[in-house]
Amino acid sequence: MRREEKKVIIDSLAEKLQQYPNFYVTDTEGLNAEKTAKLRRLCFDKNVKMVIVKNTLFIKALEQVNCVDEQLTGSLKGTSAIMFCETANAAAKLIKEFRSGSNDKPTLKAAYVQECVYVGESQLDTLATIKSREEMLAEIISMLQAPARNVVSALQAGAGQKIAGLVKALEERGQN
């Protein structure tokens with residue numbers, strides 16, 4: 001491969017690193033053509049971009065965007081497939097779903113998720129349960145709305161009469 005071709009690949013990878021906040025480094029070695037096509041189709045359906053890369057070129061792309069980590073680069077051995085995703089847990093869920101169909105690949109080498117590095121297959125369950133930013137915001141909004149919802153439902157469920165009775169009793173007490 002010529003230097004110009006390598007530069008184009010490095011620039012393309014660097015662009016994806018800047019575009020997607022999360023990426024997973026996986027090992028897909030040993031998957032046959034049928035299983036690889038099935039994995040690529042699943043990636044497409046789940047909005048995960050999968051790219052098979054040369055480790056040295058990916059390291060250069062990481063250097064280009066100042067995202068070099070020793071643990072991360074240390075995991076780049078053998079065949080590597082990089083899965084880029086917007087949602088933090090999308091690729092982890094995808095890997096678990098794909099492997100539930102009697103596949104033992106892809107295996108997780110490392111992941112860069114929400115500006116943290118996770119190394120090793122043992123981190124897959126942790127990554128699959130990480131909540132995305134959108135899920136966290138939805139949960140916070142739901143918690144903030146709960147007290148108001150309780151008051152409104154109490155008023156609508158006939159408690160309005162009880163509250164009116166309490167207010168009237170308090171007014172009478174204040175007049176005495």
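The values are calculated or read from the model by the stated rules, or taken from the named source; none is laboratory data. Just so we're clear, the structure is a prediction, and the values are computed from it rather than from any experiment. Here Cβ is always computed from backbone atoms with ideal geometry, including for glycine, and neighbour counts include all displayed protein chains. What goes into the accessible areas is simple: the full protein's heavy atoms, side chains included, and nothing from ligands, DNA or RNA. Shrake-Rupley method; radii C 1.70, N 1.55, O 1.52, S 1.80 Å.
See the values below:
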quantity: Residues satisfying the stated conditions in region 55-75, i.e. under 21 Å from the mean Cα position of the chain (by Cα) and either over 15 Å from L17 (Cβ atoms) or part of a helix (DSSP H, G or I) (or both); calculated: F58, L62, Q71, L72, T73, S75
quantity: Every residue from region 32-50 that is more than 19 Å from L124 (Cα to Cα) and either in contact with a Lys or Arg (Cβ under 8 Å, 6 or more places away or on another chain) or in contact (Cβ under 8 Å) with a residue 12 or more places away in the chain (or both); calculated: K35, K38
quantity: In region 45-54, the residues that are open to solvent by less than 30 Å² (accessible area, probe 1.4 Å) and not in a strand (DSSP E or B); calculated: V48
quantity: Condition met for T73 (polar (S, T, N, Q), open to solvent by less than 90 Å² (accessible area, probe 1.4 Å) and in contact (Cβ under 8 Å) with a residue 40 or more places away in the chain); calculated: no
quantity: Qualifying residue in region 78-89 (condition: touching a helix residue (DSSP H, G or I) at 6+ places or on another chain (Cβ under 9 Å), open to solvent by 10 Å² or more (accessible area, probe 1.4 Å) and of a type in the set (A, V, I, L, M, F, W, C)); calculated: no
quantity: Among the candidates K35, K16, residue that is closer than 14 Å to I95 by Cβ, assigned to a helix (DSSP H, G or I) and open to solvent by less than 100 Å² (accessible area, probe 1.4 Å); calculated: K35
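Residue-wise test of (1) crowded, with 19+ Cβ neighbours inside 10 Å; (2) modelled with pLDDT under 90.
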{"position": "K7", "(1), (2)": "no, no"}
{"position": "F23", "(1), (2)": "yes, no"}
{"position": "L31", "(1), (2)": "yes, yes"}
{"position": "C43", "(1), (2)": "yes, no"}
{"position": "N66", "(1), (2)": "no, yes"}
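Listed here are the residues, each with its yes/no results for (1) at pLDDT 85 or above; (2) in contact with an Asp or Glu (Cβ under 6 Å, 6 or more places away or on another chain); (3) exposed (fewer than 11 other Cβ atoms within 10 Å of the Cβ).
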position: K96; (1), (2), (3): yes, no, no
position: G101; (1), (2), (3): no, no, yes
position: D104; (1), (2), (3): no, no, yes
position: Q114; (1), (2), (3): no, no, no
position: I141; (1), (2), (3): yes, no, yes
position: A146; (1), (2), (3): no, no, yes
position: S153; (1), (2), (3): no, no, yes
